Amino acid sequence: MKTTGKVNGIISNIVIVKADGAVGQNEICYVYAGETKMMAEVIKVIGDDAYVQVFDSTRGLKIGDKVEFEGHMLEATLAPGMLSRNYDGLQNDLEKMDGLFISRGSITEPVDFEAKWEFKPLAKAGDKVSAGAWLGEVKEQWVAHKIMVPFIMTGNYTVKSVVEAGEYKVTDTIAVVADVDGNEYNITMVQKWPVKQAIRCYTEKPRPSRVMETGVRAIDTFNPLAEGGTGFIPGPFGAGKTVLQHAISKQAEADIIIIVACGERANEVVEIFKEFPELVDPHTGHKLMERTIIICNTSNMPVAAREASVYTGMTIGEYYRSMGLKVLVMADSTSRWAQALREMSNRLEELPGQDAFPMDLSAIISSFYARAGLVKLNNGETGSVTFLGTVSPAGGNLKEPVTESTKKAARCFYALSQGRADSKRYPAIDPLDSYSKYLEYPEVEAYLGEKIEKDWVQLVYRGKTLVQRGKEANDQINILGDDGVPVEYHERFWKSELIDFVILQQDAFDDIDANCPMERQQMMYKKVLSICEHDFDFADFEECSKFFKGLINLFRQMNYSEWKSEKFYDYDKQIDAYIANH
């Protein structure tokens, strides 16, 4: 028997419900405003009063309106057919919505339950299985989508039967398993999981040891992101956070891309919907959208659904990770998620923290980021969820609470600079403020030493030192003037500019320069570093400036040349000759 209740108070999208039975924290319920049925979530229980946040507008809701509690938390539906779809934060399919805006109380199915899939069995009768074990697979786009024992089934089971290869609906029984007491359970291709609970069907969660190549030099060379790692991109409005995320999503070495547009402006989301179906995936040759899922809650959508969207995206990512796949989850922006938490906290009249954010904001962000990671599955395979979020601090203030709290949880920090953006130095990642703690991991250092070059991490630190010395020299030049400092200061500055223009800057809209393979990055970086560590003998700062400007121009032309092409090596020879002549 379901618990019911009646509306007893309304504070914007927070509704106080007088319940007539047991109600659980984070339980889902439906609030009825006349004939309109709206989903809501319990966020606080005091006595027989349940405070629920409604995922829709509460306009027209009245005291005494009926409420029905469902007895379970907010769940994601996990099944074949999710790839290429556009969802809202509650996993409603946006393609099935009527009209320009989502109508209140509108609920759609997340997958096509009538579609048939070509099933191939992987398990057989007599096999011992547990939650997350692979029973079979279907081909979803080009991905081998594993059909697993539902994550909610705890304990050990024995496979009684698995259907033969053939076409089946997601709701058809494809296997029967029995527990130790002989109780039998029918398993289909679809399962549900609470979005605010991490999926933990794995034996081990080791530290990340491999680097996820993104094709972006400022990241891969200077501050690499580990596969199964976490990072975030804070920066002021207009600094290029969204464009950088789109470039990474296209080029990163991941099997599945999940983009969460959390509270973004509608025009940016429309851009994603319009461009992604047209982009060609450089790894597969197929359309990029074929391995992408978009979860969208724009800033004009209900605040509660915005808060749920990041959890839905992470849950879907964990589901695909359990198939042994490499998943990249990107949220733009987690600041809007934090703002949604602040609005709900304020309406509950909870004790506010800094800037009125919840007192436990840091703990909420940390526990969410902890869900990413590299895992070893029960069958010995590995899967990973790499998480990269953006933060939009008001006024570009990197000391505000969301940035500071995220800094404690994420291992990579890609600070976008307003000054670099204004001077059109894209991506506007500040090379000195940004960092990657994965460079300190012995496992990552060994991986880079084996894959790229021995002592690669030391080479990276040498480059960072040159950039730091160049900035210090530039400060002195700006204070004392060109003639007020020795020519060596100009040389240091131009060496840092050489690293900046050749390595750190990159054209995301150029067909060649947009994606830079690691082998190419290694060759270019070592060449630039060897030049920067050479002592020149310039007569004055004008000769120094002229020399490095000519050198930068040759390198930039090289950047726009096909890797290993005749033109590329022609510029390489021109650079050597240019240096020899000077």
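A few remarks follow.
- Flag for Val23 being part of a strand (DSSP E or B) and out of contact with any Gly (no Cβ under 7 Å at 6 or more places or on another chain): no
- Within region 44-56, the set of residues being open to solvent by less than 50 Å² (accessible area, probe 1.4 Å) and over 23 Å from Glu75 (Cβ atoms) comprises just one member, Asp49.
- Qualifying position, being open to solvent by 50 Å² or more (accessible area, probe 1.4 Å), among the charged types (D, E, K, R) and within 30 Å of Asn26 (Cβ to Cβ), among Lys146, Lys160, Lys192, Lys169: Lys192
- For the residues Tyr578, Tyr560, the requirement of being farther than 19 Å from Val485 by Cβ and in contact with an Asp or Glu (Cβ under 8 Å, 6 or more places away or on another chain) singles out Tyr560.
- The number of residues in region 419-445 that are part of a helix (DSSP H, G or I) and surrounded by 13 or more Cβ atoms within 10 Å (Cβ to Cβ) comes to 8.
- Scanning region 382-408 for residues that are among the polar types (S, T, N, Q), part of a strand (DSSP E or B) and open to solvent by less than 10 Å² (accessible area, probe 1.4 Å) yields a count of 3.
- Long-range neighbours under 9 Å by Cβ, at least six apart or interchain, first residue within 30 Å of Gly285 (Cα to Cα) within region 132-157, second surrounded by fewer than 20 Cβ atoms within 10 Å (Cβ to Cβ) and among the acidic types (Asp, Glu): Trp134/Glu381; Leu135/Asp127; Val138/Glu118; Lys139/Glu118; Gln141/Glu290; Trp142/Glu290; Val143/Glu290
- Only residues that are part of a loop (DSSP other than H, G, I, E, B), among the hydrophobic types (A, V, I, L, M, F, W, C) and closer than 16 Å to Asn13 by Cα were counted across region 55-89, and they come to 3.
- The residues on offer are Asp510, Asp540, and the sole one that is open to solvent by less than 60 Å² (accessible area, probe 1.4 Å), out of contact with any strand residue (DSSP E or B) (no Cβ under 6 Å at 6 or more places or on another chain) and without any contact (Cβ under 8 Å) to a residue 60 or more places away in the chain is Asp510.
- Thr242 satisfies every condition listed in (1) closer than 18 Å to Arg411 by Cβ; (2) out of contact with any Gly (no Cβ under 9 Å at 6 or more places or on another chain); (3) not hydrophobic (A, V, I, L, M, F, W, C) except (1).
- The lone exception for His283 - which of (1) over 28 Å from Ser417 (Cβ atoms); (2) at pLDDT 90 or above; (3) surrounded by fewer than 24 Cβ atoms within 10 Å (Cβ to Cβ) it fails: (2)
- Yes/no for Glu41 being acidic (Asp, Glu), assigned to a strand (DSSP E or B), modelled with pLDDT of 90 or more and surrounded by fewer than 18 Cβ atoms within 10 Å (Cβ to Cβ): no
- Some residue of region 327-347 being part of a strand (DSSP E or B), open to solvent by 20 Å² or more (accessible area, probe 1.4 Å) and in contact with a Ser or Thr (Cβ under 9 Å, 6 or more places away or on another chain): no
- Close Cβ contacts (under 6 Å, 6 or more residues apart or on different chains) running from residues in region 370-399 that are closer than 21 Å to Tyr414 by Cα to residues that are among the basic types (Lys, Arg) and open to solvent by less than 30 Å² (accessible area, probe 1.4 Å) comprise Val385/Arg321; Thr390/Lys241.
- Test: residue in region 508-525 that is of a type in the set (Gly, Ala, Ser) and assigned to a helix (DSSP H, G or I): no
The values are calculated or read from the model by the stated rules, or taken from the named source; none is laboratory data. These figures come from a predicted structure and were not determined experimentally. Here Cβ is always computed from backbone atoms with ideal geometry, including for glycine, and neighbour counts include all displayed protein chains. Just the protein is used for accessible areas: all its heavy atoms, side chains included, with ligands, DNA and RNA removed. Shrake-Rupley method; radii C 1.70, N 1.55, O 1.52, S 1.80 Å.
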